[in-house]
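Student: First the structure, which I've put down as structure tokens, then a few questions once you've had a look.
The values are calculated or read from the model by the stated rules, or taken from the named source; none is laboratory data. Predicted, not measured: the structure shown is a model, and the values here were computed from it. All Cβ positions, glycine included, derive from the backbone under ideal geometry; neighbour counts span all protein chains shown. Accessible surface areas use protein heavy atoms only, side chains included; no ligands, DNA or RNA. Shrake-Rupley method; radii C 1.70, N 1.55, O 1.52, S 1.80 Å.
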Amino acid sequence: MRRIALPAAILALCGGALLTVVAQNAPQADAAAAASAAASAPEPVVCFESRQGATEITQRELKPGWPNVKCSPVTGAALWYGDPYDGTVPMAKMPQMEDIPEGQAVVRPRTEKLALLAQCGVACHNGKYPVGFPKDNKPTPIPTMEAMYPDAKNFQHGRGRIWCLDCHHNTQRNKLSDHFGQPISFDEPQLLCGKCHGDKLRDWRDGIHGKRIGEFASNGKKRWFVCTECHNAHNVQDGERNRGFVQVQPESPPQLPRGMKDTSWEKTHPIPQH
Ligand code: HEC
Ligand code: HEC
Ligand code: HEC
């Protein structure tokens, strides 16, 4: 089986190279036209929300002069939303959140950001329980997997106590998994994380952990940031990689109100300082 599979893989790779060569021979005029169009079009403005490489939003106009998002020229972080619900869907039913009226809690789906998932569930992990499924948390490295997905090589979550299939579904690779093997959508990571971090899930539900934007009123409509918009599930511990968090430089202070020359007033305080 191995012997047949290997040449087949090489053939497939060669096929890819051949296709590239053919594509490069495409009419030069088309390429030139595309290049000049790209040169005249303004660079898209991309703001980052909370996790580098995972929560970027491209600026676009919701209506003329009304952008979906404005980003800080200093940090690139999203500062203002033209519509805080842009691109959101209602949050799925959540235990102990039944009091929130339908559609008042919305989230931005994760699935569209996960480019590999569409292939994962069909190309390699084809719906069967993986052959050679590791019995401990130290499986043999699979070079192809590590090349495709470098996070797998330096997995930093749970200090060696958890592994891929504690989170990813055994047979449905496009799903996460609860403690009982029931699938969880990638758009509801709170259900996954909450199975081990119940305290954080409670805090998140209460609004003590995480972030929401939208209407100020407590019963108003809000977009809830889900766990994976801030945390990289594969890297929560590596200090060198900053736990997946990006250091954001502080914004410069706002302009002083008219007539004010310096900020010495900030040092005055109604409560005596000792
Ligand atoms: C703590 C739970 C957890 C563990 C353990 C875990 N993952 Fe994940 N994985 C996730 C979550 C959650 C996502 C979706 C992340 C997101 O929404 O950005 C994900 C996404 C992925 C993706 C899709 C990435 C993409 O960009 O399309 C791959 C591939 C993947 N994981 C592989 C692995 C491998 C291999 C391991 C074992 C080395 C592993 N995961 C261990 C939770 C986990
Ligand atoms: C299968 C159980 C399990 C799941 C599911 C899980 N975690 Fe963890 N997580 C752990 C363990 C175990 C640790 C290590 C705790 C320790 O060392 O004290 C940990 C550590 C963490 C830490 C670091 C805490 C610290 O102080 O270093 C963060 C952040 C975290 N997890 C977030 C998440 C998020 C977000 C998700 C969902 C994508 C998730 N976890 C899913 C088991 C899990
Ligand atoms: C808006 C961003 C954001 C969201 C959403 C978010 N977190 Fe966090 N979380 C943080 C930050 C920031 C920290 C502090 C990280 C640090 O100290 O490295 C943190 C810390 C943690 C820790 C470690 C706490 C400790 O005691 O050390 C865990 C576990 C955790 N989060 C789990 C979750 C889970 C589960 C969810 C979803 C229900 C979630 N987080 C949603 C930003 C977020």
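Student: Hey, can you tell me all the residues within the stretch 56-70 that are under 20 Å from the mean Cα position of the chain (by Cα) and either among the acidic types (Asp, Glu) or modelled with pLDDT under 90 (or both)?
Tutor: Glu56
Student: State the number of residues belonging to the stretch 197-217 that are without any contact (Cβ under 8 Å) to a residue 24 or more places away in the chain and either more than 16 Å from Ser50 (Cβ to Cβ) or away from ligand 2 (no atom under 16 Å from the Cβ) (or both).
Tutor: Of the residues in that region, 13 qualify.
Student: Taking the stretch 233-255 only, how many residues are in a loop (DSSP other than H, G, I, E, B), within 15 Å of ligand 2 (Cβ to nearest atom) and at pLDDT 80 or above?
Tutor: Residues that pass the stated criteria total 3.
Student: Looking at Gly220, Gly127, which is the one that is touching a Ser or Thr at 6+ places or on another chain (Cβ under 6 Å), modelled with pLDDT under 95, more than 10 Å from ligand 2 (Cβ to nearest atom) and not assigned by TED's automatic domain parsing to the domain that holds Gly53?
Tutor: After ruling out the rest, the residue left standing is Gly127.
Student: Mind checking which pairs have a first residue in the stretch 175-195 that is under 18 Å from Ala118 (Cβ atoms) and a second that is more than 13 Å from ligand 3 (Cβ to nearest atom) and assigned to a helix (DSSP H, G or I), Cβ under 8 Å, 6 or more apart or different chains?
Tutor: Ser185/Thr111; Phe186/Thr111; Phe186/Leu117; Asp187/Thr111
The rows are residues; the columns are (1) at pLDDT 85 or above; (2) more than 21 Å from Arg108 (Cβ to Cβ); (3) open to solvent by 50 Å² or more (accessible area, probe 1.4 Å).
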site: Arg161; (1), (2), (3): yes, yes, yes
site: Leu165; (1), (2), (3): yes, yes, no
site: Leu176; (1), (2), (3): yes, no, no
site: Arg258; (1), (2), (3): yes, yes, yes
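Student: Going through the stretch 152-169 one residue at a time, which ones are within 7 Å of ligand 1 (Cβ to nearest atom) and either aromatic (Phe, Trp, Tyr) or part of a helix (DSSP H, G or I) (or both)?
Tutor: Ala152, Phe155, Trp163, Cys164, Asp166, Cys167, listed by residue number.
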